[in-house]
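*Asks:* My structure is below; once you've seen it, I'll send some questions.
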Amino acid sequence: MRRREFIILAGAAAATWLPPTALRSEERVIKIVALGDALATSYYLPVGRRFSDRLEFALKAKGQSVTVVDAGKGNDTAARGLARLNRSVPEDTDAVILVLGAVDMVFAVEPNITRKSLAAIIENLKARRIAVLLCGAAPHTRLDDQHKSAFATMFSGLAGEYDVLFYPAFDDAFISDPSLKEIGDFKPNAAGIEAVVARILPKVEALIDQARHRAH
């Protein structure tokens, strides 16, 4: 290996493993759970490159005292997410990034059924004083115009009704760019995950602020 390549690799390894120096040591660690489907769990990527890993790294680099837990399952509909909610989001959770609904669109689930499940999840989390960031998803190409509109309205309507933070489309950073997606799929690749983290970071920081102001 040439000396220059060795230096680059060594530097990258050091950047990955050295602990962030700007962490706010006086603040308690906020636990964020990413409850979602294939868009958020990134189970097909190596550990360290998944959404939860890269988001935690980016937040710590900005001085946030956080841990981000991956509680996603690849083929989960909103109803399946609801069924495992209390197992996947333990009592010590401060905040949840909710990324469910994209699989519902792939399976052509009726929007009102998806809405009921997401509403039940949000009600459960709010009753437990857990801050919520609801993420929508771009309408799946298999849907007709009526269902595309219904899903888009469903996500924004839920955010308004329950007064939770809202990110309109988790996949907006990569959905139209084949270089950021797994080949022949709708899921992000490693570069796509980096694009998502860069865009969603301000919303997650707002979520952390909400979590810190909630008494447990």
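*Asks:* Scanning the range 94-129 for residues that are of a type in the set (D, E) and touching a Phe, Trp or Tyr at 6+ places or on another chain (Cβ under 9 Å), which turns out surrounded by the fewest Cβ atoms within 10 Å (Cβ to Cβ)?
*Replies:* E123
*Asks:* While we're looking at this one, here's another question. Could you please give the count of residues in the range 179-198 that are out of contact with any helix residue (DSSP H, G or I) (no Cβ under 7 Å at 6 or more places or on another chain) and either at pLDDT below 90 or part of a loop (DSSP other than H, G, I, E, B) (or both)?
*Replies:* Final tally of qualifying residues: 5.
*Asks:* Another question, then. For the range 175-201, what are the residues that are free of Cβ contacts under 8 Å to residues at least 12 places away in the same chain and of a type outside the set (G, A, S)?
*Replies:* If the condition is that a residue be free of Cβ contacts under 8 Å to residues at least 12 places away in the same chain and of a type outside the set (G, A, S), then P178, K181, I183, D185 are the ones that fit.
*Asks:* Residues being open to solvent by 20 Å² or more (accessible area, probe 1.4 Å), among the hydrophobic types (A, V, I, L, M, F, W, C), out of contact with any Ser or Thr (no Cβ under 6 Å at 6 or more places or on another chain) and farther than 23 Å from A190 by Cα: count how many of those fall in the range 44-93.
*Replies:* Counting residues in the range 44-93 that are open to solvent by 20 Å² or more (accessible area, probe 1.4 Å), among the hydrophobic types (A, V, I, L, M, F, W, C), out of contact with any Ser or Thr (no Cβ under 6 Å at 6 or more places or on another chain) and farther than 23 Å from A190 by Cα gives 1.
*Asks:* Can I ask one more? Which pairs turn up if I take residues in the range 50-68 that are without any contact (Cβ under 8 Å) to a residue 24 or more places away in the chain and look for partners that are of a type in the set (D, E) and open to solvent by 20 Å² or more (accessible area, probe 1.4 Å) with beta carbon separation below 6 Å, at least 6 apart in sequence or on another chain?
*Replies:* Note: pairs meeting the criteria are S52/D70.
*Asks:* Here's a follow-up. Consider the range 59-113. How many of its residues are of a type in the set (D, E) and in contact with a Gly (Cβ under 9 Å, 6 or more places away or on another chain)?
*Replies:* Result for the range 59-113: 2.
*Asks:* Yes or no: F170 over 15 Å from the mean Cα position of the chain (by Cα), under 18 Å from D104 (Cα atoms) and buried (at least 19 other Cβ atoms within 10 Å of the Cβ)?
*Replies:* So F170 does not fit the description; no.
For every residue, the table says whether it meets (1) within 17 Å of F170 (Cβ to Cβ); (2) in contact with a strand residue (DSSP E or B) (Cβ under 6 Å, 6 or more places away or on another chain).
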{"residue": "V89", "(1), (2)": "no, yes"}
{"residue": "A95", "(1), (2)": "yes, yes"}
{"residue": "G101", "(1), (2)": "yes, no"}
{"residue": "F107", "(1), (2)": "no, no"}
{"residue": "N112", "(1), (2)": "no, no"}
{"residue": "K116", "(1), (2)": "no, no"}
{"residue": "A120", "(1), (2)": "no, no"}
{"residue": "N124", "(1), (2)": "no, no"}
{"residue": "I130", "(1), (2)": "no, yes"}
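*Asks:* Conditions: (1) open to solvent by less than 40 Å² (accessible area, probe 1.4 Å); (2) more than 22 Å from P202 (Cα to Cα); (3) in contact with a strand residue (DSSP E or B) (Cβ under 9 Å, 6 or more places away or on another chain). A137 meets all but one. Number of the miss?
*Replies:* Going through (1) open to solvent by less than 40 Å² (accessible area, probe 1.4 Å); (2) more than 22 Å from P202 (Cα to Cα); (3) in contact with a strand residue (DSSP E or B) (Cβ under 9 Å, 6 or more places away or on another chain) one by one, A137 breaks only (2).
*Asks:* Condition (residue is touching a strand residue (DSSP E or B) at 6+ places or on another chain (Cβ under 8 Å) and either more than 25 Å from T114 (Cβ to Cβ) or surrounded by 20 or more Cβ atoms within 10 Å (Cβ to Cβ) (or both)) applied to the range 141-151: is it met by at least one residue?
*Replies:* Checking the range 141-151: not a single residue is touching a strand residue (DSSP E or B) at 6+ places or on another chain (Cβ under 8 Å) and either more than 25 Å from T114 (Cβ to Cβ) or surrounded by 20 or more Cβ atoms within 10 Å (Cβ to Cβ) (or both).
The values are calculated or read from the model by the stated rules, or taken from the named source; none is laboratory data. The structure displayed is predicted, hence computed values, not measured ones. With ideal geometry, Cβ positions are generated from the backbone for all residues, glycine too; neighbour counts draw on all protein chains shown. The protein model used for the area step is the full one, side chains on, heavy atoms only, and it has no ligands, DNA or RNA in it. Shrake-Rupley method; radii C 1.70, N 1.55, O 1.52, S 1.80 Å.
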